[in-house]
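For reference, the structure discussed in these notes is given below.
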Amino acid sequence: MKNTSQSLQILFEDNHLIAINKPAGMLVQGDVTEDKPLSEYVKDYIKDRYKKPGDVFLGTIHRLDRPVSGVVVFARTSKALERMNKLFHDRLVQKVYWAVTTVRPEPLNGHLVHYIEKDRERNVARASLRPRSKDAKLSELDYELLAELGDHHLLEVRPLTGRPHQIRVQLARLGCAIRGDVKYGFPTPNPDGSIHLHCRSLSFEHPVQKTPVTITADPPNPDQIWRLFANQWE
């Protein structure tokens, strides 16, 4: 993806929210690398499209890890930001992720419960069956095998909590490290630094209009591994 505001893949837009299909490798918000994040490209887009003078308001509601692709929703008003933050906090946003692994999960579907601790200095999480410290957070997700081709397996994952690196570390604990995710045990990195984890959809009640909203994003194209499973979305 050419990193310009014109190349954004916009999935949803109204006066209150804007949703983007984030490419793998891009930050959602700025960090110590000082690389330009997705939030700044979205601000550039809004400023240009609506000819807005001065600063553009854009609230970051949630994040995806840098190597992860998929749906990211931003708030265009402070009211929408406050209400969307509450929806996430109250677990009223249904999240669906797709992950590709090279190990077939056993069982083929299930419910995982772990306690996750985050080492912020090393930016790595650890999942345990019992809490090892007062900082350990209960973490739950459901997963299901959707399709497989050769030694590649497409899993649908529905996190019920929102912990740092949750899907990555819980699938690794199951023995199914995500393809390319060397941080959590996959043997080789992807050439572009991505991992095969994609936020497929978010569903929630619109914070202002109070109508049901589902925002869906296709996986990166023309990534060859994702293309193995193209019949799942085309």
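The values are calculated or read from the model by the stated rules, or taken from the named source; none is laboratory data. Everything numeric here is computed off the predicted structure, so don't read it as measured data. Counting neighbours? That spans all protein chains shown, and the Cβs are built from the backbone with ideal geometry, glycine included.
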For this session: Report whether or not Ser201 is modelled with pLDDT of 95 or more and part of a loop (DSSP other than H, G, I, E, B).
Result: no
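Here's the yes/no breakdown for (1) over 26 Å from Ala24 (Cβ atoms); (2) buried (at least 18 other Cβ atoms within 10 Å of the Cβ):
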position	(1), (2)
Val73	no, yes
Ser78	yes, no
Glu106	yes, no
Leu112	no, yes
Val124	no, no
Tyr143	no, yes
Leu154	no, yes
For this session: Determine which single condition His206 fails, assuming it passes every other condition in (1) surrounded by 16 or more Cβ atoms within 10 Å (Cβ to Cβ); (2) under 18 Å from the mean Cα position of the chain (by Cα).
Result: (2)
For this session: State which residue is nearest to Leu174 (Cα to Cα) when the search covers only segment 82-105 and only residues that are in contact (Cβ under 8 Å) with a residue 12 or more places away in the chain, of a type outside the set (Lys, Arg) and part of a loop (DSSP other than H, G, I, E, B).
Result: Pro105
Exercise. Within segment 114-165, how many residues are over 19 Å from the mean Cα position of the chain (by Cα), under 15 Å from Ala99 (Cα atoms) and of a type in the set (A, V, I, L, M)?
Worked result: 2
Exercise. Limited to segment 156-203, what total is found for residues that are on the phi > 0 side of the Ramachandran plot and crowded, with 19+ Cβ neighbours inside 10 Å?
Worked result: 2
For this session: Select from segment 10-63 the residues that are on the phi > 0 side of the Ramachandran plot and surrounded by fewer than 17 Cβ atoms within 10 Å (Cβ to Cβ) and write down the one among them that is modelled with the highest pLDDT.
Result: Lys51
